[in-house]
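The values are calculated or read from the model by the stated rules, or taken from the named source; none is laboratory data. Everything numeric here is computed off the predicted structure, so don't read it as measured data. Heads up, the Cβs are rebuilt from the backbone with ideal geometry, glycines too, and the neighbour counts pull from every protein chain shown. Just the protein is used for accessible areas: all its heavy atoms, side chains included, with ligands, DNA and RNA removed. Shrake-Rupley method; radii C 1.70, N 1.55, O 1.52, S 1.80 Å.
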Amino acid sequence: SRLLEASIQAVSDYYAADMEAEKILSQLRQGEMPTGVTRQDHLYSYSCPISTTQDLVVEVILENETWNILRWQAVPVQR
């Protein structure tokens, strides 16, 4: 069914964005500053596109050399 295909595609798209977000977090942990990441003091923010209508928005904070995830959320695109 078309609905099932769309559902499978949506899950696949989310996991692709999630993997990209994990990769960016890994780069931050290694002391890199990937393109598209914004920083305010110890707060780092970035987003990865899931689809034309959703982004995966991530906010992490560096506290005492530990990265804490404050937000890891699919949100409607605001372009």
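Report summary: the helix-based calculation at 222 nm, which adds -39500 (n - 2.57) for every DSSP H run with n ≥ 4 and divides by the residues of the chain, gives -12500 deg cm²/dmol. Any chance you could look up the accessible area of S26 with a 1.4 Å probe, heavy atoms only, rounded to 10 Å²? Counting only protein heavy atoms, the figure is 50 Å². Just to be sure I understand, if you calculate P(r) over Cα pairs in 5 Å bins from 0, in percent for this structure, which of (1) 3, 15, 24, 22, 15, 10, 6, 3, 2, 0, 0; (2) 3, 12, 16, 12, 12, 15, 15, 11, 4, 1; (3) 3, 15, 25, 26, 16, 10, 5, 1, 0 do you get? Answer label, from the structure shown: (1). With 0.36 nm allotted per residue and the present C-alpha distance subtracted, the E32-V11 stretch has 4.7 nm of extension available.
When only the heavy atoms of the protein chains count and the probe is 1.4 Å, how do E22, E59, E65 rank by accessible area, highest first? Walk me through the intermediate numbers first.
Details: E22 90, E59 55, E65 170 Å².
Largest accessible area first, the residues go E65, E22, E59.
Residue separation of Q78 and E63 scaled by 0.36 nm, minus their Cα-Cα distance, works out to 2.5 nm of gained length.
Could you state the angle between the C-alpha long axis of helix 2-29 and the longest principal axis of the C-alpha atoms of the chain, as a value from 0 to 90 degrees rounded to the nearest 10? Result, in degrees: 10.
Counting only protein heavy atoms and a 1.4 Å probe, tell me what percentage of the chain's accessible area is made up of carbon and sulfur.
Values: 2880 of 5770 Å².
It is 50 percent, rounded to a whole number.
Charge dipole of the chain (Cα centre as origin; +1 on each Lys and Arg Cβ, -1 on each Asp and Glu Cβ, all else neutral): 200 debye, rounded to the nearest 20.
Computed with a 1.4 Å probe over protein heavy atoms only, the accessible surface of the chain comes to 73 Å² per residue. Placing R29, R71 in order of accessible area, with the largest value first and a 1.4 Å probe, yields R29, R71.
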